[in-house]
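The values are calculated or read from the model by the stated rules, or taken from the named source; none is laboratory data. Only a predicted model underlies this, so the values are computations on that prediction, with no experimental measurement involved. For neighbour counting, all protein chains shown are included, and Cβ atoms are generated from backbone atoms with ideal geometry for every residue, glycine included. With ligands, DNA and RNA removed, areas are computed over all heavy atoms of the protein, side chains included. Shrake-Rupley method; radii C 1.70, N 1.55, O 1.52, S 1.80 Å.
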Amino acid sequence: MKRFSNYIVLALCSVWVLSCEIDNYDGPDATVQGALYDHNGQPLQVNHGSGYIRMKEVSWGKNDPEIFIGNQTLKVQQDGTYRHTKWFSGEYRMLPYNGNFYPYDDAKLDADDAGELVQISGTTTKDFTVTPYLTIEWVKKPTVTADNYLECSIRFKRNQKAGYEMPDLRESYLRISRSVNASASDGQLFPTPKSITNDMEGQEITYRTSIPLKYTGIDYWIRVSMNCQTAAGKPETNYPGMGAENFTTIEKIHVP
């Protein structure tokens, strides 16, 4: 029994020695950054921390077809920009994917080889232009009424990408937050979504909080969200990312 115990100790020591070997693999030394723009050249407004850029490092197993290469995801900020400073240098296939916009690569859609080949080293900037399902603009920017309700209005335009049919409208929210992260909104101020239909396109749509603002002497960040759904009777319009919200820009107001 004692001899068996010695074998176990020896085996554990061997594992410990092997695990203590110096990791001499080069660490991440590259920065990848850029922005998503809409078809009008404006920064794409998205939900905070949306994973809308798919990455695949093709240089890792380029000469060995049996090596599996998984997808990674880059997070995008609310204004459509992204910046990641801990990335391995190499050749990547980058694809805007599963977001509030039409498919990016018409020929390959979401196949493993879809997207653009980008060589990343040092600081690499890569921008993309996409066609969002909707463009939402302020008509009357947020204001606070005398009785402390918040009001605003917007209008939306449906966008159609060549070769695609447009989806149907679904619903909309007034997002009100006490931080710049406007997706973390106070649900009590606007608890019920506003139903939106296709025939409301181009019309002024008004929003008002359900209750007065609960706090004064602070800043609020406001934006309006709206999303789409598969068009009735047209399952082919169930594009990747269908249901992701499109947004206005974020407006900041101070409530005295």
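Please list Y215, Y207 from largest to smallest accessible area, probe radius 1.4 Å, with all protein chains kept in place.
Y215, Y207
Can you give the Kirkwood hydrodynamic radius of the chain from its Cα pairs, in Å with one decimal?
21.3 Å
If I take R0 = 41 Å and measure r between the Cβ atoms of N148 and Q119 in this structure, what FRET efficiency does the formula 1/(1 + (r/R0)^6) give, to the nearest 0.05?
0.15
Would you mind checking which residues have amide H under 5 Å from Y97's amide H? H placed 1.01 Å from N; only 5 or more apart, or other chain.
Placed amide hydrogens put I53, R54 under 5 Å from Y97.
List the relative contact order of the chain as a percent without decimals, with contacts defined as Cα pairs under 8 Å and 6+ residues apart.
The value is 19 percent.
With every protein chain in place, what's the accessible area of L44 (1.4 Å probe, Å², nearest 10)?
Counting only protein heavy atoms, L44 exposes about 10 Å² to solvent.
Just order 141-151, 161-171 by mean Cβ neighbour count inside 10 Å, highest at the front, would you? Numbers along the way, then the final one.
On the way: 141-151: 14.0, 161-171: 15.5.
Ranked by mean Cβ neighbours within 10 Å, highest first: 161-171, 141-151.
Once R0 is set to 35 Å, what does the formula 1/(1 + (r/R0)^6) return for the Cβ-Cβ distance between V139 and A184, expressed as a FRET efficiency to the nearest 0.05?
With a Förster radius of 35 Å, E is 0.90.
E91 to Y37: FRET efficiency via 1/(1 + (r/R0)^6), r the Cβ-Cβ distance, R0 25 Å, to the nearest 0.05?
On the way: r = 24 Å, r/R0 = 0.95.
FRET efficiency, E91 to Y37: 0.60.
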